[in-house]
Each structure stands twice: as C-alpha cells, then as structure tokens.
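Colleague: My questions all concern the structure below.
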Amino acid sequence: MRTSINALVFVTFILLAQCGSKENKTKVDTPVKKAVEFPRDPHTFANADKAIMKHLNLDIDVDFDEKKIYGTAKIRFENKGTDIVILDTKDLNIKSVKIGDRSTQYTLHEEIPHLGSALEVSIDTFTTSITVEYSTSANAEALQWLSPAQTSGKRAPFLFTQSQAILARTWVPCQDSPGIRFTYEAEVSVPKNLLALMSASNPTEKKDSGTYSFKMEQPIPAYLFALVVGDLDYRATGERTGVYAEPSVLSKASKELEDMETMLNAAEKLYGTYQWERYDVVFLPPSFPFGGMENPRLTFATPTILAGDKSLVSLVAHELAHSWSGNLVTNATWNDFWLNEGFTVYFEYRIMEEVYGKDVAQMLGLISYSDLLKELEDLDYGDDTKLKLNLNGRNPDEGVTAIAYEKGYFFLKLIEQTVGRDNFDIFLNKYFNEFAYKSIDTETFLAYLNKNLLANHNKADSLINIDKWVYNNGLPDNCPKIASSRFEAVKSAADGFLNNNVLNGSKAREWMYQEWVYFLRETSDSISYQQMAMLDKDFRLSYQDNAEIAFEWLLLAIKHDYTPAYNRLERFLSTVGRRKFIAPLYEAMANNPKLAQRAKNLYERNRSSYHYVATNTIDKILDFSSPN
Ligand code: BES
Ligand code: ZN
C-alpha cells in the first residue's frame, strides 16, 4: 500500500513536471511510464531503480565575491539498462550535461515546492557516467555565506553548507535521498588565506595554492555531503579526534572538547568499532542554525556549546553517536527519521552515562521527557506525533520535532527496560553490524527487532505494544519513568522558592546547567517579577553565558514582562542563529502583545544574518513575507 501511494506521488511529480517543462530543448523519453515502485522516498525525483548514483567526482570553485559555487560534477551510476537518468536539483544553473566529451540532451523540469527541479538526462542504455557543469544561485538554501563581520575573527569571510534534509541538491546535482549512497572525491578551490574542509579526509593546514583534495571512501547519502570554508586552524584532542575553529576560538574549543577521545572510546565499547577513521569537530560561527550536524568524519557544531565548563558536550556525544545511528545505518526516507534521531538520543545518553555518570544521564532523560510533553501539546497530539511520519508532499523539515528524538528515545528505553540492558546491547551491536552502510525503513527495523530480540523474550511484544508506539498518536501509558534524585532536590528548591522566596545560594551555585533548566521550567508558570529580580541579583541570570540557561531565562523574561533582561534578549537574538533557541524566543515575543512589534523589528534587522533553515521557520511564526 505504502509503496503504491509513493509511486503515485512520484508519477504526479513527473506529470506536473512534464506539463511545465522550461527547457524543451529536446523531446525526451518521458519517465512517467518508468516510475515503478522505486524510489519509495517521496522527496527525490531520482529514478534509482533504473540508474542509481554510486560515485561523485566534484570539482568546484568557491567564489566569495559572487557568493556562488561553480562546479563540475561527474556522476557515476549503475545503469540497469535505461536511457534516462534523473537527478535532483534546486535553484541550480545548469550549463551543460555531457557523456564523456559529448553534450547530451537534458530537461530541467519546472520546480516543485520543496523538491526543486528534476534534471532528466538522456543517456544510452550502457552509459554509466555523466558530467554536469553548473553553478549555484543566490538563494541556494544549503549555503550560508558570512561576511567577515559575522565571524569571530572579523577578518575573513566564511561559508558552510547544511545539506540535511534535502538541501544537498541546492549546491550539487545528485540523487538526493537518504536511501541512495555514494562515495566521493572532490577538488575545491578557495581564496588563498582560507581552509576548506569536507565530510571526508581533511587537511589540517592551509595550502598556498588554495586548492584542496578530498576523498570519502565509504558510501554516504547526499544529506551528509558537506563543505566548510573559512579562516580555520586545527588542534588535536587525541589520537583520532581533534577540533577545527577560527584561531580566536580554537583554544577554548579544544579545551571544551578535551574528553572527545574518551567519548569515542566509550562509544566503541558500547556498539562496536568506529568506522570512519577520524572524528573531528569544526566550530562554525554562531549563525549555524543547528546545535550540531553529524557530517561524517567532521561534525559541524555551534559555538553556543562553548560554555567554559564542558557542561554542553552532550551535543558532541549526540553527533558522535550518529556515526553509528544515521551515518552507518540510515533512515531510508524522512518518514523514518526517528530511526536516525531516536537511536542517537538513546546512544548519546549511554555515552554520557559512561563518561560523566548516571546522574547526568538521568537529568538529560528527564529534560527529554519535559521537551516531549511540550511537543505533544504543540502538535495537538496529531498525526505528527506518530514515530512513523507521513511527510509526503511536505517539507521534511516539518518532521524535525521532539517526537523523532524524544518519543523515539523513550520507545527504545522501554525496549531496554523490558528485555534488560545487556540483551538490548547485544541486539544493538548486531543491528549496527547487520545494516552497516544500508538505509532501512521503520518496518525493516521492526521485523529485525521482532526476530532477533523480542521473539526470545516472553511477552515482550505485548508489554511494549510496538504498534501503538510507532503508528499511533500521542504517548502510550507505558512510557518509562525516569527518576533523578538531583532533580527531586531541585523541585523542592523550586517549591520553596515560589512559596517562601528563599533559594539556598550555596547549593544553587553548584547546580549543573540541567538543574538550572529544570528549576526555571518548574517555576515558569508562577514566578513573579520580584522573584525574577531576586534571582537575577543573586545569580546574574541576565548575564548568563551558558546558552541553555540564558535561553530558559529569556523565555521566562518574555512571559513575565521582566524588562531588565530585554537587552540580553536583543543581544542574544542578534548574535545567535541556532533555530532551537531563536524560533521559540521569537514565538514567545509574538505571543506577548507588548513585545510582538519589537519581535518583528528585531527580526527584520537580523534576518539577513540567519540561515535559510532558521528564516524558513521564523518567517511563518512572524508572518513575515520573504522578499524573494
Ligand atoms: N542531524 C541533526 C540536525 C538536523 C536534523 C538537521 C534534521 C537537519 C534536519 C543533528 O544530529 C541534531 O539532532 N542536532 C541537534 C542537537 C542535539 C544534541 C539534539 C540540534 O541541532 O539541536
Ligand atoms: Zn541528531
């Protein structure tokens, strides 16, 4: 059933695309008849059942003056006897398509919302490689071009890509589906004073030539294709791990991540050998719209985790965990996104428990629970609260919610509790081995789970109630409860403070950031202006550098008209571009009649320094009609 609906959707794309073909250079064989059951991924045009991409040879020039990438992409594919190969593109200018030295006919179909334009290329039934010459456009959604002023050093410009979920096609023509994997080589030319890095083997020093070569020998899906260019230096944190950052950030960054090698070893001990040789992290400027992005061999990270006390390094544990869940075993479509993120949150907390102890892991679990309850409310317990999503015809970004992460985590935690941790660990080791370098859907996972774990455990199946967790809305009653003695103490402190205005300063000064977050959430409904002022005086929360605490505090300030924090609020929104923080802050401002106009003004001032991923979300929140 699922397959035929997807096939139908795909046929509709192609039909629509055919109607409005811009470049009727040639009459090409229509792919409509060819759209059989593959691909099941509703977010790609690729005809991967007939011609599936295997290798990319990319040669690009990064032009900071024009804010464009000029490229030649040689794509090798396995041809099962078709005379058409279809690639995904979005906003690309296609200059030529060749087979060897000979130009071949192609059609760039009309753009379809979210998906972009199918690039349909005529080939021979024995052709296995084509070369596309192209350039990116000003609105390439994966790319953020930063001026020197937007960097920490203020001297050099900066560029980074964000390909997940379906933005790789805005900077390289490819078969952009998490179910399609390819190896790659790239040659990248950049201005001479800058370093280029990719999700591949990387240099550690700048080259005078400004030309860098990269190789990724393990097959990866297009969403993990990544490039960063900037004034970057490198420092090792261990044998296999290290940090790249702008020179002025490097020392702080490498200190913050000094436990990275330990985390990597802990992760391997849990779920098997690390497959990607090196694990490095590059710190991007604060406009990076995410906390982290698990680009293989080179995680991209926000500088907002540089708290000075390693308190936010669970983000690195998370991205590192993706080296197994996500990068090795990949969700086949974005409807199966929880397979990437739910597993990764589970694995993240296991790494944190190994390296920093049970207390920390428990607190993270409880914060997840509070995020999950809020998300369920925000999504009205609707269809997007199912683990298995239906994003067909929608932007897959709509599936990036706490459901995939936190509901996914609690589902796996429930399985762990039901069969016992040792058994679950043995199973997970086997799972990562069995499906390494493969992309699987939810159903494949569930079948494997039943056969290899639950079948051996009496009643596990009915105790867990898989169907309800995966295919129903909301949160089943058997969701595991996590206890944390530290949070219990914080809860009493919060109650005491709300009722009697007293907070034990010496204790609170020892709190970890999770405890502050929990305290601020517990007090958020009924705290008074005076109580906020007391806290601010004693703990200087309006000057907090820890981004997670600052964020919770600013939400409270907006909610309770705590005006002394508004300067900090404006500063925060003018320097940070991480969507997880700025979208809820703008939303809270918009919901407060006294701040709604201020939110709009502030957004208008800062919009151009945010990444597309962030503006796409916040435009909707603030009803901002985009100038393009
Ligand atoms: N892969 C995600 C980021 C992502 C998801 C980008 C979907 C685009 C589409 C990454 O691993 C992630 O989950 N990042 C989180 C951090 C984390 C600790 C939960 C983030 O950016 O906040
Ligand atoms: Zn993740």
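Colleague: Mind checking which residues of the range 200-214 are on the phi > 0 side of the Ramachandran plot and hydroxyl-bearing (Ser, Thr, Tyr)?
Modeller: At the first step, the residues of the range 200-214 found to be on the phi > 0 side of the Ramachandran plot are 210.
Those that are on the phi > 0 side of the Ramachandran plot and hydroxyl-bearing (Ser, Thr, Tyr): none in the range 200-214.
Colleague: In the range 266-313, which residue that is among the aromatic types (Phe, Trp, Tyr) and out of contact with any Phe, Trp or Tyr (no Cβ under 6 Å at 6 or more places or on another chain) is farthest from Phe160 (Cα to Cα)? Please lay out each step first, then the result.
Modeller: Residues of the range 266-313 among the aromatic types (Phe, Trp, Tyr): 271, 274, 276, 279, 283, 288, 290, 300.
Pick out the ones that are also out of contact with any Phe, Trp or Tyr (no Cβ under 6 Å at 6 or more places or on another chain) and you get 274, 276, 279, 283, 288, 290, 300.
Numbers: Tyr274: 25, Trp276: 21, Tyr279: 18, Phe283: 11, Phe288: 8, Phe290: 12, Phe300: 9 Å.
Here the answer is Tyr274.
Colleague: While we're here: Going by what's in this entry, would Thr401 be described as under 23 Å from Ser163 (Cα atoms), modelled with pLDDT of 95 or more and crowded, with 19+ Cβ neighbours inside 10 Å?
Modeller: yes
Colleague: Scanning for something out of contact with any Leu (no Cβ under 7 Å at 6 or more places or on another chain), at pLDDT 95 or above and not in a loop (DSSP other than H, G, I, E, B), does the range 477-484 turn up at least one residue?
Modeller: Checked against the condition, which is being out of contact with any Leu (no Cβ under 7 Å at 6 or more places or on another chain), at pLDDT 95 or above and not in a loop (DSSP other than H, G, I, E, B), the range 477-484 yields no hits at all.
Let's see how each residue does on (1) touching a Gly at 6+ places or on another chain (Cβ under 6 Å); (2) among the basic types (Lys, Arg); (3) more than 26 Å from Leu143 (Cα to Cα); (4) buried (at least 24 other Cβ atoms within 10 Å of the Cβ):
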| position | (1), (2), (3), (4) |
| --- | --- |
| Pro285 | no, no, no, no |
| Phe288 | no, no, no, yes |
| Thr299 | yes, no, no, yes |
| Thr304 | no, no, no, yes |
| Gly326 | no, no, no, yes |
| Trp334 | yes, no, no, yes |
| Trp338 | yes, no, no, yes |
| Gln362 | no, no, yes, no |
| Leu366 | no, no, yes, no |
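Colleague: Return a yes/no flag: does the range 146-168 have any residue that is among the aromatic types (Phe, Trp, Tyr) and under 19 Å from the mean Cα position of the chain (by Cα).
Modeller: First, the residues of the range 146-168 that are among the aromatic types (Phe, Trp, Tyr): 158, 160.
From what's left, under 19 Å from the mean Cα position of the chain (by Cα): 160.
Yes; the residues of the range 146-168 include at least one that is among the aromatic types (Phe, Trp, Tyr) and under 19 Å from the mean Cα position of the chain (by Cα).
Colleague: Count, please, the residues in the range 366-397 that happen to be part of a helix (DSSP H, G or I) and within 16 Å of ligand 2 (Cβ to nearest atom). I'd like the intermediate steps shown before the answer.
Modeller: In the first step, residues of the range 366-397 are kept if they are part of a helix (DSSP H, G or I); the result is 366-378, 383-385, 396-397.
Narrowing the set further to residues that are within 16 Å of ligand 2 (Cβ to nearest atom) leaves 367-368, 371-372, 375, 396-397.
Matching residues across the range 366-397 total 7.
Colleague: Suppose we filter Phe300, Phe290 for residues that are within 12 Å of ligand 1 (Cβ to nearest atom) and part of a loop (DSSP other than H, G, I, E, B); which single one remains? Break it down stepwise before answering.
Modeller: Details: Phe300 fails: part of a loop (DSSP other than H, G, I, E, B).
Testing whether each residue is within 12 Å of ligand 1 (Cβ to nearest atom) and part of a loop (DSSP other than H, G, I, E, B) leaves just Phe290.
Colleague: Among the candidates Leu315, Leu257, which residue alone is within 12 Å of ligand 1 (Cβ to nearest atom) and touching a residue at least 12 places away in the same chain (Cβ under 8 Å)? Let's see the steps before the verdict.
Modeller: On the way: Leu257 fails: within 12 Å of ligand 1 (Cβ to nearest atom).
Of Leu315, Leu257, the one residue that is within 12 Å of ligand 1 (Cβ to nearest atom) and touching a residue at least 12 places away in the same chain (Cβ under 8 Å) is Leu315.
Colleague: Quick check on my filter: what residues within the range 318-365 are hydroxyl-bearing (Ser, Thr, Tyr), away from ligand 2 (no atom under 14 Å from the Cβ) and in contact (Cβ under 8 Å) with a residue 24 or more places away in the chain? Steps first, answer last, please.
Modeller: Here is the first cut: in the range 318-365, the residues hydroxyl-bearing (Ser, Thr, Tyr) are 323, 325, 330, 333, 344, 346, 349, 356.
Checking which are away from ligand 2 (no atom under 14 Å from the Cβ) leaves us with 333, 356.
Scanning the range 318-365 gives a single hit, Thr333.
Colleague: For Ala156, are the conditions met, namely being without any contact (Cβ under 8 Å) to a residue 40 or more places away in the chain, of a type in the set (Gly, Ala, Ser) and either farther than 19 Å from Asn93 by Cα or not in a strand (DSSP E or B) (or both)? Steps first, please.
Modeller: Working: without any contact (Cβ under 8 Å) to a residue 40 or more places away in the chain: no; of a type in the set (Gly, Ala, Ser): yes; either farther than 19 Å from Asn93 by Cα or not in a strand (DSSP E or B) (or both): yes.
It is false that Ala156 is without any contact (Cβ under 8 Å) to a residue 40 or more places away in the chain, of a type in the set (Gly, Ala, Ser) and either farther than 19 Å from Asn93 by Cα or not in a strand (DSSP E or B) (or both).
Colleague: Please go through the range 47-71 and pick out each residue that is in a strand (DSSP E or B) and more than 27 Å from the chain's Cα centre (by Cα).
Modeller: As a first pass, look at the range 47-71 and keep what is in a strand (DSSP E or B): 51-63, 68-71.
Passing the criteria: only Ala51.
Colleague: Follow-up question, since we're still on this one. Looking at the range 324-334 only, could you name the residues that are within 13 Å of Ala267 (Cβ to Cβ) and away from ligand 1 (no atom under 11 Å from the Cβ)?
Modeller: Once the filter is applied, which keeps residues that are within 13 Å of Ala267 (Cβ to Cβ) and away from ligand 1 (no atom under 11 Å from the Cβ), the range 324-334 yields Trp324, Leu328.
Colleague: Separate question: I'm trying to understand the selection: among the residues of the range 336-364, which are within 18 Å of Thr401 (Cβ to Cβ) and either away from ligand 1 (no atom under 13 Å from the Cβ) or of a type in the set (Phe, Trp, Tyr) (or both)?
Modeller: Phe337, Trp338, Phe343, Tyr346
The values are calculated or read from the model by the stated rules, or taken from the named source; none is laboratory data. This structure is a prediction, so every number in the text was calculated from the model and none was measured. Note: ideal-geometry Cβ built from the backbone for every residue, glycine included; neighbour counts use all protein chains shown.
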